[in-house]
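A short worksheet on the structure shown next.
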Amino acid sequence: MNRILRVLIVLILFELGVFLIFLPWSTIWEQNYFMQHNPSLIHIVLHPAMRGIISGLGFLDIMVAIGMLRRARPLADSSPAAKLPEPFDQSH
């Protein structure tokens, strides 16, 4: 994958994760368009378990971004010859 694309995906995942962690606990969450026009959603959307689920998705996004960063690091010696095991010495 292209480095710039990978960096862009990692940044988007990290920002989305932070957004999803904090949004359900803010006042923006409690005063939005959908809850004003669908009052039956209020009990579901404002329930602490639903907020926790959405915050958990944000945490998961951040973990995926960190995982992508760890995979992006090149190995010290990634040549195929470096991965071969050494021959067994039978002289002993």
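Laboratory data are not the source of any read-out in this text; all were calculated from the coordinates shown. All figures in this text were calculated on a predicted structure; none of them were measured in a lab. With ideal geometry, Cβ positions are generated from the backbone for all residues, glycine too; neighbour counts draw on all protein chains shown.
Extents of segment 13-71, taken as max minus min of Cα coordinates on every principal axis and listed largest first, are 45, 18, 15 Å.
What's the local net charge at L13, with K and R +1, D and E -1, over the other residues with C-beta under 15 Å away?
For residues surrounding L13, the net value is +1.
The L16 and A49 beta-carbon pair, evaluated with R₀ = 25 Å, returns a calculated FRET efficiency of approximately 0.75.
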